[in-house]
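Reading through the structure tokens given below for one structure.
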Amino acid sequence: MNERRIHTFCRVCEPACGLVATVRDGALQTLEPDRDHPVTRGFACHKGLAAKDVHLDPDRVDRPLERGADGAFHPVGWDQALRTIAGRLRGIIDRAGPDAVSAYIGNPAGFNALAGPAVRGFLRQLGVERTFSSGTQDCANKFAGSEAVFGTSTLHPIPDLEHTDYLLIFGENPAVSHMSFLAIPDPMAVLRAAKARGATIRFVNPRRIESAGSVGDVIQIRPDTDLYLLAAMLDEIDRTVGFAAAVVAEHGRNVEALRTFVRRYPADRVASTVGIPAEEIRRLAHEFAAAPRAAAHMSTGVNMGRQGTTAYWLLHMLSFVTGNLDRRGGNVVSEGFYRNAKAGRRRFADSFEQGPHGALRRGNLPGNLMAEIIRDPARPIRALIVVAGNPLLSIDGEEKLRRALAGLELLVVVDLYRNATAELAHFVLPATDMLEREDLNLVGLGLQHRPWVQWTDRVVLPRGERREEWWIFARLAQEMDLPSVLDHGAEEAQAKVWERIDHMLGTRGHHLADLRREPHGITFGEHQPGGFYQRHLQTEDRRVDCCPAAFAPALERAELLFGEMAARPQGLLLISKRDRHMHNSWYANVERMKPRHHDRTCLHMHPDDADERRLAAGELVRVANEHGTIELPLLLDDTLRPGVVAVPHGGGHRGAPAMRVAHAAPGVNVNRLLPTGPGSFEPLSSQAHMTGIPVSVEAAAGPSG
Ligand SMILES: Nc1nc2c(c(=O)[nH]1)N[C@H]1C(S)=C(S)[C@@H](COP(=O)(O)OP(=O)(O)OC[C@H]3O[C@@H](n4cnc5c(=O)[nH]c(N)nc54)[C@H](O)[C@@H]3O)O[C@H]1N2
Ligand SMILES: Nc1nc2c(c(=O)[nH]1)N[C@H]1C(S)=C(S)[C@@H](COP(=O)(O)OP(=O)(O)OC[C@H]3O[C@@H](n4cnc5c(=O)[nH]c(N)nc54)[C@H](O)[C@@H]3O)O[C@H]1N2
Ligand code: SF4
Ligand SMILES: [Mo]
């Protein structure tokens, strides 16, 4: 018997918690938290540990599948699958050009150091320019916002949690999500420690979230209005204690334009629209400005509003004009194994390209326009490659997208599962899971609470015929007679695919060969504030742009939307709700993640709103708006701000019979209620509008309409 213990790390979400696997005779026996890990220190959540269940799941795709003339999937060999796909891609490109080919890259590809570069490299070889990703349903506004203000999309100063006196968190629920754009294992332990030190922690959220509990309190904002709260706070600071004059004069530009904008939104004007008394808005502003060291963070709850980029701009401003940017205990740069700020350098104003849908940000088209772009009469997409994504369920508006995907000449899905999107495919190709591939914790770069870099070997050999994405696209390139890393054999390719990472490591004096020998990787010590303006900021004049000129139309739109919201009758507004038992759509097939009471998606509603509508707990209700209708059971939830309802996303597996566990308790797809198409995304960033969506709710048995 041959038993080994292997140090690895999780690749489900950003903290990348250290794990230890035991493997006997080549088969995975146990997967446990790594108690000796210098950064993650024995923390790992049930999702990370359930990677074992995903690995062993009998419903995984284990062989390439091709849809036959009978409409059913049939197993085929890799060579045959890739040869057929290559032939069809070639045919489409010969006929319609590379513009007829596109790809959607899903969220897990970000946690897979070699996958994204492999797909993008292949698309570049084909000359493909139009691509999509889950980024426009998640955080595209953050890249746009930092690019506009700091001159680079890859600079996101994080709260220095260890030293802050005051922490303000917008639209994020650390206890459940483990955060985003702040890679931190066991965030609640760190927040509890900050609180014990005497720090004040406040969450801005329409829900009294589970994170608040004993660490802080929640200011229950009306959804999709954070921009105005931030503006009012800045205005209050400007009028009373003033901006940090020396910092602003030395490092800022366009400060007057910032002042002019925020002046439009004094606390008294915005109070009823954001749903927070003016007094409380002023108190927040003064607390933040008066704290010796204050830090701010925001996440998907704000990203998914209609003004995520400008909200992120004002979040940066709050930090900057109070002198908290690049200060210990404020927002600081996390320096990992590679200083990546320069890599994302681009002039915001140069990032847009004019097309049939107006000026769109280059590089990543809006997911909410996917159906329109696929069916664009002048330049339709005929072939789509989906890697590590489930756009049918994760993007707004399922039915329209289903029709567009079903009309493709070629849909290839590379995934662990035959998910709802894969059911529409011509080919489904089996990918390796995180235990079956070499990897590096690239995703946290520049966002880590405690920077460290770790390489992991594969824990076990891939089961069945699962393959890594880099191999799949390298083989596809060969089949299309394009240069490929596999041209000189598998062994050389295995080394070649890591060259880019080795080069990045080299910039800070490290080498992959050394890293491979370190079971816990290399750690980089405490954050060192002080170099932001000199080393990281990428604007041409090395100043923070306090009001980018390219924002002008967005600032006009802000006033327009404000007027609409102020005038609108207070109907119900829908928000999303992540819970511990799901991970977007992809843990839906893990039995152990499905406690009985969680196996159906529910509508969360405040008891007062339910009373008003004479609805009772457990009753089937119909939630509807101009975009769609769903029916689901009602769950009374007094953590919600009255007037706000919530539904967890990631459900709707009725169309995925091969995922038997998910299919048996499919839930509903809340994204049927979200707006899609032109006007449903933020023009500055292409980020989809997914929170604060007007809906009506009534008993499902009641009259329809
Ligand atoms: N268990 C679990 N963990 C996950 C995931 C998962 O699906 N399940 N997904 C992972 C992924 S891909 C990501 S990106 C991260 C996301 O991590 P988070 O951003 O922390 O995600 P959520 O937990 O959805 O928190 C968003 C919060 O925003 C609030 N909110 C909604 N609308 C508004 C608004 O208009 N304004 C404000 N201020 N708040 C609002 C919601 O009530 C919610 O509490 O989580 C990751 N971790
Ligand atoms: N209403 C609403 N909608 C949302 C959200 C919300 O809060 N509310 N959240 C949004 C967010 S934050 C995100 S990130 C998106 C996610 O959007 P997507 O990325 O499109 O969807 P996921 O459900 O994460 O699906 C990921 C797929 O990748 C597969 N997979 C996992 N690991 C691997 C791998 O290593 N290789 C390959 N090839 N496949 C793999 C899984 O089996 C799964 O099918 O959803 C968004 N949609
Ligand atoms: S918190 Fe995220 S990275 Fe850590 S074990 Fe859980 S899923 Fe994995
Ligand atoms: Mo996400």
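The values are calculated or read from the model by the stated rules, or taken from the named source; none is laboratory data. As the structure is a computational prediction, the values presented were derived from the model and not from experiment. Cβ atoms come from the backbone with ideal geometry, glycine included; neighbour counts cover every protein chain shown.
Output the residue which, of all residues in the range 54-110 that are hydrophobic (A, V, I, L, M, F, W, C) and within 16 Å of ligand 4 (Cβ to nearest atom), is farthest from LEU384 (Cα to Cα). So, considering only residues that are hydrophobic (A, V, I, L, M, F, W, C) and within 16 Å of ligand 4 (Cβ to nearest atom), the one farthest from LEU384 (Cα to Cα) is ALA109.
Checking each residue of the range 131-138 against the condition of being within 14 Å of HIS297 (Cα to Cα), modelled with pLDDT of 95 or more, within 16 Å of ligand 2 (Cβ to nearest atom) and touching a helix residue (DSSP H, G or I) at 6+ places or on another chain (Cβ under 9 Å) gives no match. Among the residues of the range 144-164, are any among the acidic types (Asp, Glu), farther than 20 Å from PRO108 by Cβ and within 16 Å of ligand 2 (Cβ to nearest atom)? No, the range 144-164 has no match at all. Of the residues in the range 643-658, at least one is in a loop (DSSP other than H, G, I, E, B), among the hydrophobic types (A, V, I, L, M, F, W, C) and either surrounded by fewer than 24 Cβ atoms within 10 Å (Cβ to Cβ) or within 16 Å of ligand 3 (Cβ to nearest atom) (or both). The single condition from (1) touching a residue at least 24 places away in the same chain (Cβ under 8 Å); (2) outside any loop (DSSP other than H, G, I, E, B); (3) out of contact with any Ser or Thr (no Cβ under 7 Å at 6 or more places or on another chain) that THR676 fails is (2). The number of residues in the range 517-550 that are surrounded by 14 or more Cβ atoms within 10 Å (Cβ to Cβ), of a type outside the set (A, V, I, L, M, F, W, C) and part of a loop (DSSP other than H, G, I, E, B) comes to 11. Here VAL460 clears all of (1) within 16 Å of ligand 2 (Cβ to nearest atom); (2) outside any loop (DSSP other than H, G, I, E, B); (3) surrounded by fewer than 24 Cβ atoms within 10 Å (Cβ to Cβ) except the condition numbered (2).
For the range 612-642, a residue qualifies if it is touching a Cys at 6+ places or on another chain (Cβ under 6 Å) and buried (at least 21 other Cβ atoms within 10 Å of the Cβ), but none of them does.
What about ASP138, is it under 28 Å from ASP396 (Cα atoms), out of contact with any Cys (no Cβ under 8 Å at 6 or more places or on another chain), among the charged types (D, E, K, R) and within 16 Å of ligand 1 (Cβ to nearest atom)? Judged against the criteria, ASP138 is a match. Taking the range 571-595 as the range and being within 12 Å of ligand 3 (Cβ to nearest atom), farther than 20 Å from LEU635 by Cα and not in a loop (DSSP other than H, G, I, E, B) as the test, only HIS583 passes. Taking the criterion of being more than 16 Å from ligand 2 (Cβ to nearest atom) and either more than 25 Å from the chain's Cα centre (by Cα) or at pLDDT 95 or above (or both), would at least one residue in the range 578-594 satisfy it? The answer is no, given that none of the residues of the range 578-594 is more than 16 Å from ligand 2 (Cβ to nearest atom) and either more than 25 Å from the chain's Cα centre (by Cα) or at pLDDT 95 or above (or both). Mind checking whether some residue in the range 695-703 is within 21 Å of ASP138 (Cα to Cα) and at pLDDT 95 or above? For the range 695-703, residues within 21 Å of ASP138 (Cα to Cα) and at pLDDT 95 or above: absent. Looking across the range 220-230, the residues that are among the hydrophobic types (A, V, I, L, M, F, W, C) and either touching a Gly at 6+ places or on another chain (Cβ under 9 Å) or surrounded by fewer than 24 Cβ atoms within 10 Å (Cβ to Cβ) (or both) come down to ILE221, LEU227.
Among the residues of the range 277-307, the ones that are within 14 Å of ARG222 (Cα to Cα), in contact with a strand residue (DSSP E or B) (Cβ under 6 Å, 6 or more places away or on another chain) and either charged (D, E, K, R) or away from ligand 2 (no atom under 16 Å from the Cβ) (or both) come to 0 in all.
Just one of the numbered conditions (1) outside any loop (DSSP other than H, G, I, E, B); (2) over 25 Å from the mean Cα position of the chain (by Cα) is not true of PRO694: (2). Residues in the range 9-23: is at least one more than 30 Å from LEU445 (Cβ to Cβ), crowded, with 18+ Cβ neighbours inside 10 Å, more than 28 Å from the chain's Cα centre (by Cα) and hydrophobic (A, V, I, L, M, F, W, C)? No, because not a single residue in the range 9-23 is more than 30 Å from LEU445 (Cβ to Cβ), crowded, with 18+ Cβ neighbours inside 10 Å, more than 28 Å from the chain's Cα centre (by Cα) and hydrophobic (A, V, I, L, M, F, W, C). All of (1) surrounded by fewer than 24 Cβ atoms within 10 Å (Cβ to Cβ); (2) assigned to a helix (DSSP H, G or I) hold for LEU393 with one exception: (1).
Residue-by-condition table, conditions (1) more than 16 Å from ligand 1 (Cβ to nearest atom); (2) over 20 Å from GLY531 (Cβ atoms); (3) β-branched (Val, Ile, Thr); (4) crowded, with 24+ Cβ neighbours inside 10 Å:
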site: GLN307; (1), (2), (3), (4): no, yes, no, yes
site: GLY323; (1), (2), (3), (4): yes, no, no, no
site: VAL332; (1), (2), (3), (4): yes, no, yes, yes
site: ALA341; (1), (2), (3), (4): yes, no, no, no
site: GLY355; (1), (2), (3), (4): yes, yes, no, no
site: ASN368; (1), (2), (3), (4): yes, yes, no, yes
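When PHE203, PHE143, PHE181 are checked against the criterion of being among the aromatic types (Phe, Trp, Tyr), in a helix (DSSP H, G or I) and either away from ligand 3 (no atom under 16 Å from the Cβ) or at positive phi (or both), PHE143 stands alone in meeting it. Within the range 161-172, can you find the residues that are buried (at least 24 other Cβ atoms within 10 Å of the Cβ) and either part of a loop (DSSP other than H, G, I, E, B) or within 13 Å of ligand 4 (Cβ to nearest atom) (or both)? Correct list: THR164, GLY171, GLU172. Residue check: PHE150 meets all listed conditions (1) touching a residue at least 40 places away in the same chain (Cβ under 8 Å); (2) of a type outside the set (Asp, Glu); (3) within 16 Å of ligand 3 (Cβ to nearest atom) but one, namely (3).
Scanning the range 1-31 for residues that are in contact with a Leu (Cβ under 7 Å, 6 or more places away or on another chain), in a strand (DSSP E or B) and not β-branched (Val, Ile, Thr) yields PHE9, LEU19, ALA21, LEU28, LEU31. Number of residues in the range 40-54 that are more than 14 Å from ligand 2 (Cβ to nearest atom) and among the β-branched types (Val, Ile, Thr) equals 1.
If the condition is being more than 9 Å from ligand 1 (Cβ to nearest atom) and either without any contact (Cβ under 8 Å) to a residue 60 or more places away in the chain or touching a helix residue (DSSP H, G or I) at 6+ places or on another chain (Cβ under 9 Å) (or both), then the range 191-209 contributes LEU191, ARG192, ALA193, ALA194, LYS195, ALA196, ARG197, GLY198, ALA199, THR200, ILE201, ARG202. When each of ALA289, ALA311, ALA278 is tested for being of a type in the set (A, V, I, L, M), surrounded by fewer than 22 Cβ atoms within 10 Å (Cβ to Cβ) and either within 16 Å of ligand 3 (Cβ to nearest atom) or at pLDDT 95 or above (or both), the lone residue that passes is ALA278.
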